[in-house]
Amino acid sequence: MDPRKNPAFLRGMTQSRSVTRRDALRLGGLSAAGLALAACGVQGKKVAAVPPRDAVAEYWGSKKKNGTLRFANWPLYIDKDGKRYPSLELFTADTGIQVAYQEAIQDNSTFFGKVQPLLAASNDIGYDLMVLTNGLQLGKAIALGYLVPLDHSKLPNFAANASSAVKNPTWDPNNAHTIPWTVGVTGIAYNPKYVDEVKSIADLWNPKYKGKVGMMLDTQEVANFGMFALGIDPDKSTEADWKKAGAKLKEQRDAGLVRKYYENDYVDALARGDIWITMAWSGDIFQQVAEGKDLRFVVPEEGGTIWTDNMCIPKTAQNPVDALTLMDYVYQPKIATMLVEYINYITPVSSAKDLVLADAAKAKGDEKKALEQIAESPLIFPSEADMAKLRSYKTLTSAEEKIFEDIFQPVTQG
């Protein structure tokens, strides 16, 4: 039996990937000391958030397709063997470009730490395309001019098929340097055995859940929820807002509401009943529900966090045209459908839902059930109302990073 047709196998894939995602987000929220270390040896000139048109034209004017692409991605983010979802094989057949694909990224900080000195010295990092999560490392890569400005005239599939929710992010205006590979959401999960219904972030401060609330250790994640609780948009937040959010979170902690600030183990604690309500990542809860656990996930009315893993081209790429070609290729609905059926995170191509349903209609047994779960899950295809409530992490300057960490790290580690 093809293991891809076994829902248990599908869920195992999701679980393994979720661990990687949790680690990445935890490591993305570096301590102040870690930030200082990461800054050592940084070389680069800060660039405009949106490159001028002549800069885009100047870069791409002489570039040609070479027929080769070196692609660095996260584990389990594509069916690299092509046994079930041959997206890379189709790409090569349609374009003639051979792909050297490597699952080279285990977390943002470690990968960026390896390639940053090479990028600073304008040396080849060994990849023409890489996938980074929006946050501290990607922000540095953009600000220091380490990424190629994208030629959107060569991205017609992105223009036509990308969801409006992933276009023009605050941390990369007009998608000047990046377009998403896949998307996730931070919201609230709860165990209905102990909690009737959750609509508001205020429920994380409800005294009746004293000692049964889970919060995230990652400072970027917990900071956003502190700001949401006060009606503050993280994208527009100031140092004064961070202090207010820090005080709100400290109030929650000091009242004994929080059982623990979690890294990887909040899902198991929720399923066991150690905690009843918690901050949560959408992919984790989808996996648990697919395994038959009775857990619920909501985007609270005040807002939730959207994060994206993004394709980008390093300035030292040897095959940038080939990289840009693949970036656009995966925005074809048929290819996006292959990816979402394999990855089980939110697809940036919302029209893929109809194609997943079409695949489910042709399938049988366990495979049919697994595909229907994907198509019908609001964790993979969120409603427009939920998407409208989502906000990103605050884009921080180097000077702001230490201030931010000094406010929020004592809350989770004090």
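The values are calculated or read from the model by the stated rules, or taken from the named source; none is laboratory data. Please read all numbers here as calculations on a predicted model, not as lab measurements. Backbone-built Cβ (ideal geometry, glycine too); neighbour counts: all protein chains shown. Accessible surface is based on the protein model in full, side chains and every heavy atom, while ligands, DNA and RNA are left aside. Shrake-Rupley method; radii C 1.70, N 1.55, O 1.52, S 1.80 Å.
Conditions first: (1) surrounded by fewer than 23 Cβ atoms within 10 Å (Cβ to Cβ); (2) closer than 23 Å to G82 by Cα. D322 passes all but one, so which condition is the exception?
(1)
Can you tell me how many residues within the range 268-282 are crowded, with 24+ Cβ neighbours inside 10 Å and part of a helix (DSSP H, G or I)?
So the answer is 2.
Considering (1) touching a residue at least 24 places away in the same chain (Cβ under 8 Å); (2) in contact with a strand residue (DSSP E or B) (Cβ under 9 Å, 6 or more places away or on another chain), say which one K80 fails and leave the rest.
(1)
Among residues belonging to the range 33-67 that are of a type in the set (V, I, T) and open to solvent by 60 Å² or more (accessible area, probe 1.4 Å), point out the one that is modelled with the lowest pLDDT.
V47
Suppose we filter D366, D406 for residues that are assigned to a helix (DSSP H, G or I), in contact with a Pro (Cβ under 8 Å, 6 or more places away or on another chain) and of a type outside the set (S, T, Y); which single one remains?
Details: D406 fails: in contact with a Pro (Cβ under 8 Å, 6 or more places away or on another chain).
Answer to the selection: D366.
Might you check whether a residue that is free of Cβ contacts under 8 Å to residues at least 24 places away in the same chain and basic (K, R) occurs anywhere in the range 285-293? Spell out the reasoning first.
Taking the range 285-293 and keeping what is free of Cβ contacts under 8 Å to residues at least 24 places away in the same chain, we get 288, 292-293.
Then keep just the ones that are basic (K, R); that gives 293.
Within the range 285-293, one or more residues are free of Cβ contacts under 8 Å to residues at least 24 places away in the same chain and basic (K, R).
Can you tell which of T308, T397 is among the hydroxyl-bearing types (S, T, Y) and either within 30 Å of T68 (Cβ to Cβ) or touching a Phe, Trp or Tyr at 6+ places or on another chain (Cβ under 7 Å) (or both)?
T308
Quick check on K244: is it within 14 Å of F404 (Cα to Cα), assigned to a helix (DSSP H, G or I) and among the basic types (K, R)?
Here the answer is yes, as K244 does meet what is asked.
If you go through the range 174-197, how many residues are open to solvent by less than 40 Å² (accessible area, probe 1.4 Å), under 30 Å from L150 (Cβ atoms) and either over 14 Å from the mean Cα position of the chain (by Cα) or of a type outside the set (G, A, S) (or both)?
Result for the range 174-197: 11.
Would you tally the residues in the range 202-222 being under 22 Å from A165 (Cα atoms) and modelled with pLDDT of 95 or more?
The total comes to 0.
Is at least one residue of the range 198-205 open to solvent by 40 Å² or more (accessible area, probe 1.4 Å), part of a helix (DSSP H, G or I) and touching a residue at least 12 places away in the same chain (Cβ under 8 Å)? Talk me through it step by step, then tell me what you get.
Initial filter on the range 198-205 (open to solvent by 40 Å² or more (accessible area, probe 1.4 Å)): 199, 202.
Going one step further and asking which of them are part of a helix (DSSP H, G or I), we end up with 202.
Filter once more, so that each one left must be touching a residue at least 12 places away in the same chain (Cβ under 8 Å): 202.
Yes - at least one qualifying residue is present in the range 198-205.
So N319 fits all but one of (1) of a type in the set (S, T, N, Q); (2) farther than 16 Å from N73 by Cβ; (3) modelled with pLDDT of 95 or more; what number is the exception?
(2)
For the range 246-266: of the residues being aliphatic (A, V, I, L, M) and either without any contact (Cβ under 8 Å) to a residue 40 or more places away in the chain or surrounded by fewer than 20 Cβ atoms within 10 Å (Cβ to Cβ) (or both), which is farthest from G184 (Cα to Cα)?
Among those residues, the one meeting the criterion is A255.
Report yes if L150 is buried (at least 23 other Cβ atoms within 10 Å of the Cβ) and in a loop (DSSP other than H, G, I, E, B), otherwise no.
Yes.
Just the residues that are surrounded by 19 or more Cβ atoms within 10 Å (Cβ to Cβ), assigned to a helix (DSSP H, G or I) and at pLDDT 90 or above, please, taken from the range 375-403.
A375
When you check K212 against the structure, is it without any contact (Cβ under 8 Å) to a residue 24 or more places away in the chain, of a type in the set (K, R) and more than 29 Å from T395 (Cβ to Cβ), yes or no? Show your work before the answer.
Working: without any contact (Cβ under 8 Å) to a residue 24 or more places away in the chain: no; of a type in the set (K, R): yes; more than 29 Å from T395 (Cβ to Cβ): yes.
Criteria not met by K212.
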